[in-house]
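Data first, discussion second: the structure below is written as structure tokens.
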Amino acid sequence: MDHAADAHRTDLMTITRHVLNEQSRNPESRGDFTILLSHIVLGCKFVASAVNKAGLAQLIGLAGETNGEEQKKLDVLSNEVFVKALVGSGRTCVLVSEEDEEATFVDPKLRGKYCVCFDPLDGSSNIDCGVSIGTIFGIYMIKDKDNVTLSDVLQPGKDMLASGYCMYGSSCTLVLSTGSGVNGFTLDPSLGEFILTHPDIKIPKKGRIYSVNEGNAKNWDVPVAKFVEKCKYPKDGSPPKSLRYIGSMVADVHRTLLYGGVFLYPADQKSPNGKLRVLYEVFPMSFLMEQAGGQSFTGKERALDLVPTKIHERSPIFLGSYDDVEEIKALYAEQAKSSSA
């Protein structure tokens with residue numbers, strides 16, 4: 001790519017221009033949402049830069065505490081970056097981060113009307129081996145910013161205004177939905193801007209890939225075991241599905257969104273509630289999947305209908321191509337029918 005020529009082009013759709021265009025369709029908005037998103041984008045640029053330098057700057061190494069994943073210094077840094085960026089935007093009143101046990105209530109003088117739930121560096125245990133990692137976020141509106149409580153944060157995913165993730169890999173890609181489709185932007189380092197590269201992403205109706213940690217197979221319930229068996233040994237003459245599992249949710253979901261198929265992190269005997277967190281993993285990714293024409297399901301209900309009762313609540317999740325998730329739903333319905341018979 002000729003970056004010198006690029007710098008003089010005026011037809012590049014930056015993420016800021018895209019969000020302003022989206023917002024212009026909403027006459028009562030006052031630009032607050034654009035300002036909030038520009039601060040999230042700034043946080044993503046900062047973390048992208050830190051991830052690229054991690055090996056050199058020796059940011060990697062244990063930071064003492066553990067949170068289930070090995071917590072690296074880079075997670076702590078990313079968390080601080082996003083908390084400062086979100087508070088500094090003047091548009092948030094409460095923040096929920098995967099790294100912080102408690103929610104952060106913003107100083108009343110700096111408050112706005114939004115709540116942001118985020119995982120600052122998902123898949124951080126993969127930093128050392130160069131696998132793609134990312135940031136996941138979901139944005140909600142709060143009714144009364146001056147009297148915000150924890151219960152205001154525990155909204156169902158269907159009430160989300162926007163969600164997205166930023167993947168730090170061979171390129172830095174930000175995928176975003178503000179409720180009218182899904183768009184992907186790639187960071188052009190020469191411009192320091194995210195440019196629209198994947199307009200109006202639509203997930204294929206059926207995919208050829210399934211993504212799951214098969215190491216947990218001995219603890220799966222019957223519908224999951226049946227589905228995976230069907231992926232490997234289809235009885236209808238179709239070719240078997242390919243297994244692809246990276247172990248970074250952002251990377252696995254990104255591939256699922258672009259190529260189709262299904263990503264599953266089911267409940268099992270070891271983790272009866274699944275492993276992924278509702279507010280900043282399950283909801284944002286489910287929102288994106290639905291906006292792209294796919295589905296997401298918990299094993300009991302549509303994922304976005306869940307109403308969480310605590311900020312770090314977990315849930316099983318199946319998300320991806322519409323027809324593939326439909327198959328999983330049918331297997332759970334079959335099991336429910338036979339167990340009630």
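The values are calculated or read from the model by the stated rules, or taken from the named source; none is laboratory data. All values reported here derive from a predicted model rather than from experimental measurement. Here the Cβ is made from the backbone with ideal geometry for all residues, glycine too, and neighbour counts use every protein chain on show. In case anyone asks, the SASA skips ligands and DNA or RNA and just uses the protein heavy atoms, side chains included. Shrake-Rupley method; radii C 1.70, N 1.55, O 1.52, S 1.80 Å.
Quick look at the numbers
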{"item": "C-alpha long axis of helix 32-57 to longest principal axis of the chain, angle in °", "result": "80 degrees"}
{"item": "On Cα atoms only, tilt of 322-340 relative to the major axis of the chain in degrees", "result": "50 degrees"}
{"item": "Three-way shape label, the stretch 209-340, alpha-carbon gyration tensor, a/c 1.5", "result": "rounded"}
{"item": "CD proxy at 222 nm, helix term only [per DSSP H run n ≥ 4: -39500 (n - 2.57); per residue of the chain; nearest 500]", "result": "-10000 deg cm²/dmol"}
{"item": "Label point at Thr16 placed 7 Å out along Cα→Cβ; residues across the stretch 180-195 whose backbone nitrogen lies under 16 Å", "result": "186-195"}
{"item": "Per residue, in Å², the accessible surface of the stretch 15-198 once ligands and nucleic acids are set aside, probe 1.4 Å", "result": "43 Å²"}
{"item": "Listed residue pairs exceeding 22 Å between alpha carbons, taken from Lys230/Lys300; Lys232/Lys270; Lys206/Lys329; Lys206/Lys226", "result": "Lys232/Lys270"}
{"item": "Taking the chain and dividing mean pair separation by its residue count, relative contact order in percent (alpha carbons under 8 Å, at least six apart)", "result": "15 percent"}
{"item": "Prolate/oblate/rounded call for the stretch 212-286, Cα gyration tensor, a/c under 1.5 rounded", "result": "oblate"}
{"item": "The stretch 15-198: C-alpha gyration tensor shape, a/c 1.5 cut-off, then a/b vs b/c", "result": "oblate"}
{"item": "Backbone N under 15 Å from the Leu150 label point (7 Å along Cα→Cβ), restricted to the stretch 296-320", "result": "308-314"}
{"item": "Among beta bridges that DSSP assigns inside the chain, antiparallel share in %, nearest 5", "result": "85 percent"}
{"item": "FRET E, pair Glu214, Asp159, Förster distance 35 Å, beta-carbon r, rounded to 0.05", "result": "0.50"}
{"item": "Part-to-part distance (alpha-carbon centres) for the stretch 72-133 and the stretch 203-253, which is given in Å", "result": "31 Å"}
{"item": "Sulfur and carbon atoms: percent of accessible area, the stretch 70-145 [1.4 Å]", "result": "50 percent"}
{"item": "Simple Cβ-charge dipole of the stretch 209-340, Lys/Arg +1 and Asp/Glu -1, about Cα centre, in debye nearest 20", "result": "340 debye"}
